[in-house]
Amino acid sequence: MKKQLLSLVAVLGALILNAQVTLVKEINDQGTSNSSPANLTVHNGKIFFAGDDSNGSNTPGGADLGKELWVTDGTSTGTTFVKDVRTGSSGSNPFNLFSFNNKLYFTAFDTSSELWTSDGTEAGTTKVDIMPSITGEAPQRFVEFDGLAYFTVGSQPGSTTQETVNKLVQWDGVNDAEQVADVGAGFETVLQDMIVFNNQIFMYMNYSTDDATVGNELYAYNPTTDTFTLIKDIDAGTGDSSISNFTILGSTLYFEADNALWKTDGTTGGTIAVAPASTLAGIANLYAWNSLLFFEGDDGTNGDQLYVYNPTLETVTNISNISGSNNDHNPGDYAAYNGYLYYSGSGATNSNKYLFRTDGAIISQIDATIKDIDEITVLNDMLYFEGDNGSTGNELYSFDPSTLSIKNAKAEIISIYPNPTTDYIIVPTSLLNRNYTIHDVTGKQVSEGAISSEKIELNLNNGMYLLHIKTDLSTITKKILVK
């Protein structure tokens with residue numbers, strides 16, 4: 001018996017206590033005021049990010065300099081203000097941080113929005129005007145391909161007013177950037193992030209000569225042939241497919257389109273919706289890890305949950321199924337480390353985002369005190385992220401996974417399917433060699449054994465049963481309906 005959308009078991013809330021989540025530095029130390037660290041980017045053994053010390057307590061001169069560039073080595077003393085790019089309290093709002101040719105770059109606004117570079121020092125933080133003939137090109141959506149950096153910029157020298165939004169340019173890191181060559185008759189407007197796939201740059205965009213017939217759709221730019229090619233008109237006709245969340249897993253590119261999960265091999269015929277996810281909406285926050293695709297989805301009943309797509313088995317499984325007064329789990333901000341995928345998610349009782357992790361089958365909540373988790377980043381065997389302990393405001397925190405004691409876990413969440421079933425259930429490999437018992441609704445034990453494979457044969461009459469599995473963390477109890 002095989003079902004496309006697999007059922008998931010939820011066993012209480014997953015709490016792991018005494019995890020060492022530590023405040024790295026209260027950058028804005030005026031009570032609950034936020035420094036709101038954002039765009040955390042690892043470069044040369046440090047994390048660069050944007051932060052706002054409106055209190056001026058950790059900023060040169062003790063002044064409010066707005067949201068500017070900061071850097072940290074993971075210690076409090078090593079977390080420092082870099083440079084006041086935009087003089088005064090307004091802030092340059094650094095974004096689009098990336099590494100290219102062993103240098104750290106970012107986009108910021110001083111008197112116009114330009115590209116900057118930084119080595120983590122004030123003197124080493126300078127403007128890199130990649131298109132000096134225009135002002136305020138605002139480069140963003142960086143990808144690297146074949147030794148070149150590709151961006152979109154807001155305008156082009158000599159362009160008509162129709163050609164001033166999100167053009168694709170290339171840059172070698174030395175000479176001025178230039179608009180990519182295009183043998184077509186129209187011009188492009190890139191609408192979302194881009195990704196390198198199959199020796200091309202894939203993007204959600206509009207091409208002017210196609211607009212009247214296909215709208216905004218999936219395109220690829222080929223630097224070898226200098227062409228923008230429509231891969232597929234997903235929302236047939238003039239409708240827009242609203243593509244986002246490009247993610248590569250194996251030899252396939254996955255993405256969200258029209259609120260559904262899609263995939264492509266780079267061809268029109270190979271661009272199709274992922275069938276096992278066809279009943280889900282609200283597709284967001286895709287992440288490829290351990291040969292699986294993780295994403296947020298909504299089955300219309302259980303709110304936004306964490307799902308896993310297995311392309312080998314062609315199955316989609318809900319591995320969170322958080323239920324309670326707050327139905328939405330809202331998973332996102334993933335970071336993989338040492339056999340686990342860490343992420344932020346809401347618990348059963350409120351919409352606050354806490355630190356979770358999963359091995360692909362079980363999810364566990366790491367901490368219940370630090371909320372508003374996002375921007376999870378790994379550096380030197382530690383996790384760093386934005387968080388709030390309720391008194392400092394949103395600041396920079398760290399988590400040392402080596403401090404996590406499995407003995408402190410209160411509960412866990414396990415996926416078991418199909419349910420209802422006829423003659424068997426599938427359990428995670430993490431439960432191999434565990435003992436189980438099955439009782440009917442009167443409490444009579446009708447089966448027992450050790451789990452020797454993922455498949456447990458039932459051989460039971462129709463009815464409701466209780467499955468009990470003893471683990472190191474708890475005793476899992478799950479209702480099973482046999483039809």
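Every read-out reported here was derived from the displayed coordinates using simple, explicitly stated rules and does not represent laboratory data. Predicted model only: the values in this text are computed from it and were never measured. As a convention, Cβ positions derive from the backbone with ideal geometry for all residues, glycine included, and neighbour counts pool all protein chains shown.
The table below gives the values:
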{"read-out": "Residues listed by number, region 350-365, amide nitrogen under 15 Å from ALA284 label point at 7 Å toward C-beta", "value": "351-354"}
{"read-out": "Simple spin-label estimate for SER76 and THR312 in nanometres, 7 Å along Cα-Cβ", "value": "4.7 nm"}
{"read-out": "ALA348-ALA368 pseudo-label distance in nm [points 7 Å out on the Cα-to-Cβ vector]", "value": "1.0 nm"}
{"read-out": "Taking the chain and dividing mean pair separation by its residue count, relative contact order in percent (alpha carbons under 8 Å, at least six apart)", "value": "15 percent"}
{"read-out": "Where labels lie 7 Å past Cα in the beta-carbon direction, separation of ASN459 and THR121 in nm", "value": "7.5 nm"}
{"read-out": "22 Å tail of the calculated P(r), region 264-353, as % of Cα pairs", "value": "30 percent"}
{"read-out": "Sum of -39500 (n - 2.57) over DSSP H runs of 4+, divided by residues of the chain (222 nm, nearest 500)", "value": "0 deg cm²/dmol"}
{"read-out": "Formal net charge of residues neighbouring ILE231 (Cβ-Cβ distance under 14 Å; K, R +1; D, E -1)", "value": "-4"}
{"read-out": "Label-zone membership for region 34-62, site VAL128, 7 angstrom Cα→C-beta point, backbone N under 19 Å", "value": "39-50"}
{"read-out": "Given charges at beta-carbon only (K, R positive; D, E negative), |dipole| of the chain in Debye", "value": "2060 debye"}
{"read-out": "Ordering of 176-186, 106-116 by packing [mean C-beta count within 10 Å, highest first]", "value": "106-116, 176-186"}
{"read-out": "Stokes-Einstein D in µm²/s, Kirkwood radius over Cα pairs - region 53-191 at 37 °C with 0.692 mPa s viscosity", "value": "202 µm²/s"}
{"read-out": "Ordering of 120-129, 65-74 by packing [mean C-beta count within 10 Å, highest first]", "value": "65-74, 120-129"}
{"read-out": "Net charge of neighbours whose Cβ lies under 12 Å from the Cβ of TYR105, counting Lys and Arg as +1 and Asp and Glu as -1", "value": "-1"}
{"read-out": "Peptides ranked, highest mean first, by Cβ atoms within 10 Å: ranges 52-62, 201-211", "value": "201-211, 52-62"}
{"read-out": "Given charges at Cβ of Lys, Arg, Asp, Glu: region 15-407 dipole, positive-most of GLY360, TRP289, ASN206", "value": "GLY360"}
